[in-house]
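These notes concern the structure reproduced below.
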Amino acid sequence: MSLPPGFLDELRTRVSVSDVVGRKVMWDQRKSVPGKGDMWAPCPFHHEKTASFHVDDRKGFYYCFGCQAKGDALKFIQETENVGFMEAVEILATEAGMEMPKRDPKAQEKQDHRSLLAEVMEQAVQFFRLQLKTNAATEARAYLAKRGLTTDALDRWEIGFAPDGWQHLWDHLRGKNVPEDLIMGAGLAKPSNKGKKPYDTFRNRIMFPIRDARGRAIAFGGRAMDPNDNAKYLNSPETDLFDKGRSLYNHGPARAASGRGAPLIVAEGYMDVIALAEAGFPSSVAPLGTAVTENQLLMMWRMSDEPIIALDGDKAGIRAAMRVIDLALPLLEAGKSLRFAVMPEGKDPDDLLRAEGPAAVQAVLDKAQPMVRLLWQREIEGKVYDSPERKAALDKALREKIKLIRDPSIRKHYGDDIKEMRWQLFRGNRDSGGGSFKKRGGFRDGGRAPWRAGGPPPVPLQSTKSSLLASAGDDASFVKMREEVILSTVIVTPTVIAEFEMQLERMECSDPEMAVMRDMVLRFGIDAPDRLREEIEYSLGPYALENLFGLRHVAISPCLRNPGDMETASLTLSGEFAKLDARRGLEAELAEAEEDLSGLADEAVTWRLSQAAEARNKAVRSQNEDKAQFDIADNGARLNREERDSFSALMDGIDFSRKRR
């Protein structure tokens, strides 16, 4: 329908924005200046305590400095009443005393038809309410009383009863001269396929009227009293009045309560909503017999930035939540999300309220989880990730889900949170060296950093910077030197970490501080390299890296002189890991040889020991190449001396006494 020129301008002139908005908000008397049409209030579109919602009557607009909602009087009615533009114009025109222009004949006919259907529905509401008071509804009243509904509650929710029989409502409405096509059009009766009169849609059911946001009765939900009925709950069919994918049970009252600051709770059924509202949770709604639709989700977000999905504590409830997550991911916006409150196993909100009271429900709501955690839980539930292939499958599944998020900022934050949870699953509980990372509590999201336990940060001592070369023959010192070179290399060139991730994960790090550094490297080095140094310093103190880089065998590394050089870093790491592998192989060979000895050493065992000694000599020679850069003059003498003593050291370390069999 088109409006004549100037109609909207005249309408906006007659009605001030503050008059329209004032029906939904409480003005802040301290900030508002009514004489100038300068009004302030808490925003009706998002929960807040401060008055950041501004209405300027002179300009004819409102604006929220919190959520950036803005518009004129018509836009405000559209948003708060959940109506279309023309309906908003009609509402405002009625208030202003302006006659609406003549509609297009077809559009007018459709609107008139909808109005007639709404009148028929109201008659049906009254009929069902009266039937609940009859003897035929004795069992229904007993059931409702058992569910904890008082007489006042039954009246508030206009609950009724459809008697058992084929034409009770039909005959009642026809007796009031309601045309047959309107009864059928309202979804209250169905045509007979046997050539008889149409029959009632609802029979032997407790009836719950469904009203739209403006309070018009548009449909019914009926609960069967016969336990053998194929459909426990039955909704009205879709009509010109009722689109179940665009409707919510208790929409109007919940929207009003949400505007007053009550959290929006989304339950599964009528009884849950009624029980919640009666127990002090007035902003409760439910979808109408189907999974939540995109339109319903958008309607919820108009009422609340973070609706709480209250799930039944069973498998069906969890499946319903997962469907909501898949629907919501592409629709997420900054500040618009969902939280999920899972009821105790086997209970819905109504069960929990009757068993333990409102405090128990509030406790569950207080623990509502963000959507990202349920998304993660769905992917890992009941699975074991004991192979690279399974881990890769998890990564792929999560990447596909995150791709559905259109907002790049939200997509990034989801990725960050999932990486954090992935860390905890795969590495966070691993005990290495001086204890697991989680036990140390050294990250920002954990406990206090170890060096911050109290007192000033430790002052670096000269002894901490001294070289380990003096104890080069010591196995533990050899391994520690290699680990320090490796860690310093990946810290100054984090782009190389991905290539050596598996070797880093296997690196044992007997020194607790090195273990934490390794965990930091694995956690942040690939995905957040710019944070790596900051996190290490936060956890281990401001001098941790200075001490590491100051070690003589680390300082001479070409990687420190050329940070970011991938080729140099890769070659260095390959060499260092090879030295560690050689040392592990040597230790394994010695252990096996000692196990095989059962008397004096024979020729074969002696040969094996000589091979082990040669492997050790190679490792020592490689180690002494580092030392040579400091003391070239003494290098040859040290090498000769250490090679000469290697075999003797190995032999001294073996117990040649005969083993008992």
In the range 211-241, which residues are crowded, with 22+ Cβ neighbours inside 10 Å, in a loop (DSSP other than H, G, I, E, B) and in contact with a Gly (Cβ under 7 Å, 6 or more places away or on another chain)?
236
If residue 112 passes every condition in (1) under 42 Å from the mean Cα position of the chain (by Cα); (2) closer than 22 Å to residue 246 by Cβ; (3) exposed (fewer than 13 other Cβ atoms within 10 Å of the Cβ) but one, which one does it miss?
(1)
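Could you grab me the full set of residues in the range 139-191 that are hydroxyl-bearing (Ser, Thr, Tyr) and within 15 Å of residue 223 (Cα to Cα)?
So the first thing to find is which residues in the range 139-191 are hydroxyl-bearing (Ser, Thr, Tyr), and the list is 143, 150-151.
The one that is hydroxyl-bearing (Ser, Thr, Tyr) and within 15 Å of residue 223 (Cα to Cα): 143.
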Do we find a residue being crowded, with 20+ Cβ neighbours inside 10 Å, in the same structural domain as residue 558 (by TED's automatic domain parsing), of a type outside the set (Phe, Trp, Tyr) and more than 16 Å from residue 579 (Cβ to Cβ) anywhere in the range 474-488?
no
When the range 514-532 is checked residue by residue, the ones that are surrounded by fewer than 20 Cβ atoms within 10 Å (Cβ to Cβ) and among the charged types (D, E, K, R) are 527, 530, 531
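Going through the range 192-210 one residue at a time, which ones are touching a helix residue (DSSP H, G or I) at 6+ places or on another chain (Cβ under 9 Å) and either aliphatic (A, V, I, L, M) or in a loop (DSSP other than H, G, I, E, B) (or both)? Working first, answer last.
Residues of the range 192-210 touching a helix residue (DSSP H, G or I) at 6+ places or on another chain (Cβ under 9 Å): 197-210.
197, 198, 201, 202, 203, 204, 206, 207, 210, listed by residue number.
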Looking only at the range 128-144, decide whether some residue is within 16 Å of residue 273 (Cα to Cα) and either of a type in the set (Phe, Trp, Tyr) or assigned by TED's automatic domain parsing to the domain that holds residue 217 (or both).
yes
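Tell me, yes or no, whether the range 139-150 has at least one residue that is without any contact (Cβ under 8 Å) to a residue 40 or more places away in the chain and either within 17 Å of residue 215 (Cα to Cα) or aromatic (Phe, Trp, Tyr) (or both). Let's see the steps before the verdict.
Keep residues of the range 139-150 that are without any contact (Cβ under 8 Å) to a residue 40 or more places away in the chain, which gives 141-142, 145-146, 150.
In the following step, the residues that additionally are either within 17 Å of residue 215 (Cα to Cα) or aromatic (Phe, Trp, Tyr) (or both) were identified as none.
Taking every residue of the range 139-150 in turn, none turns out to be without any contact (Cβ under 8 Å) to a residue 40 or more places away in the chain and either within 17 Å of residue 215 (Cα to Cα) or aromatic (Phe, Trp, Tyr) (or both).
Among 535, 508, 546, which is assigned to a helix (DSSP H, G or I), loosely packed, with under 15 Cβ neighbours inside 10 Å and either charged (D, E, K, R) or modelled with pLDDT of 85 or more (or both)? Don't jump to the end; show me each part of the working.
Working: 535 fails: loosely packed, with under 15 Cβ neighbours inside 10 Å; 508 fails: assigned to a helix (DSSP H, G or I).
One residue alone meets the criteria, 546.
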Any residue at all in the range 295-306 that is surrounded by fewer than 20 Cβ atoms within 10 Å (Cβ to Cβ), basic (Lys, Arg) and not in a helix (DSSP H, G or I)?
no
Quick check: is even one residue across the range 268-276 outside any helix (DSSP H, G or I) and either in the same structural domain as residue 25 (by TED's automatic domain parsing) or under 15 Å from residue 205 (Cβ atoms) (or both)?
yes
Out of (1) more than 38 Å from the chain's Cα centre (by Cα); (2) exposed (fewer than 14 other Cβ atoms within 10 Å of the Cβ); (3) aliphatic (A, V, I, L, M), what's the single condition that is false for residue 15?
(2)
Only residues that are more than 30 Å from the chain's Cα centre (by Cα) and farther than 26 Å from residue 297 by Cβ: list them for the range 40-71, please.
40, 41, 54, 55, 56, 57, 58, 59, 60, 61
If you scan the range 167-191, which residues turn out to be closer than 16 Å to residue 128 by Cβ and in a loop (DSSP other than H, G, I, E, B)?
167, 176, 178, 186, 187, 188
Taking first residues from the range 31-52 that are at pLDDT 85 or above and second residues anywhere that are basic (Lys, Arg) and assigned to a loop (DSSP other than H, G, I, E, B), the pairs with Cβ under 6 Å that are 6 or more apart or on different chains are 40/31; 44/24; 51/31
For residues that are in a loop (DSSP other than H, G, I, E, B) and without any contact (Cβ under 8 Å) to a residue 24 or more places away in the chain, tally how many sit in the range 2-26.
6
Working only within the range 315-357, note down all residues that are more than 15 Å from the chain's Cα centre (by Cα) and either surrounded by fewer than 15 Cβ atoms within 10 Å (Cβ to Cβ) or closer than 21 Å to residue 413 by Cα (or both).
315, 316, 319, 344, 345, 346, 354, 355, 356, 357
Counted residues in the range 122-166 being assigned to a helix (DSSP H, G or I), surrounded by fewer than 16 Cβ atoms within 10 Å (Cβ to Cβ) and either among the polar types (S, T, N, Q) or touching a Cys at 6+ places or on another chain (Cβ under 7 Å) (or both) come to 4
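Which of the following residues is at pLDDT 90 or above, surrounded by fewer than 16 Cβ atoms within 10 Å (Cβ to Cβ) and either over 21 Å from residue 580 (Cα atoms) or out of contact with any Cys (no Cβ under 6 Å at 6 or more places or on another chain) (or both): 464, 495? Outline the logic, then answer.
Details: 464 fails: at pLDDT 90 or above.
Selected residue: 495, the only one of 464, 495 that is at pLDDT 90 or above, surrounded by fewer than 16 Cβ atoms within 10 Å (Cβ to Cβ) and either over 21 Å from residue 580 (Cα atoms) or out of contact with any Cys (no Cβ under 6 Å at 6 or more places or on another chain) (or both).
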Does residue 312 satisfy the criteria of being charged (D, E, K, R) and surrounded by 17 or more Cβ atoms within 10 Å (Cβ to Cβ)?
yes
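Select from the range 329-348 the residues that are outside any loop (DSSP other than H, G, I, E, B) and at pLDDT 90 or above and list them in ascending order.
Let us first name the residues in the range 329-348 that are outside any loop (DSSP other than H, G, I, E, B), namely 329-331, 333, 336, 339-345.
Of everything in the range 329-348, those that are outside any loop (DSSP other than H, G, I, E, B) and at pLDDT 90 or above turn out to be 329, 330, 331, 339, 340, 341.
Given the structure, is residue 92 surrounded by 17 or more Cβ atoms within 10 Å (Cβ to Cβ), more than 38 Å from the chain's Cα centre (by Cα) and outside any loop (DSSP other than H, G, I, E, B)?
Working: surrounded by 17 or more Cβ atoms within 10 Å (Cβ to Cβ): yes; more than 38 Å from the chain's Cα centre (by Cα): yes; outside any loop (DSSP other than H, G, I, E, B): yes.
So residue 92 passes the test.
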Please indicate, with yes or no, whether at least one residue in the range 115-123 is closer than 30 Å to residue 354 by Cα and modelled with pLDDT of 95 or more.
no
If you take the residues in the range 33-79 that are closer than 15 Å to residue 261 by Cβ and of a type in the set (Phe, Trp, Tyr), which one is surrounded by the most Cβ atoms within 10 Å (Cβ to Cβ)?
53
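The values are calculated or read from the model by the stated rules, or taken from the named source; none is laboratory data. Treat the numbers as computed from the prediction; the structure is a model and nothing was measured. We place every Cβ from the backbone using ideal geometry, glycine too, and count neighbours over all the protein chains shown.
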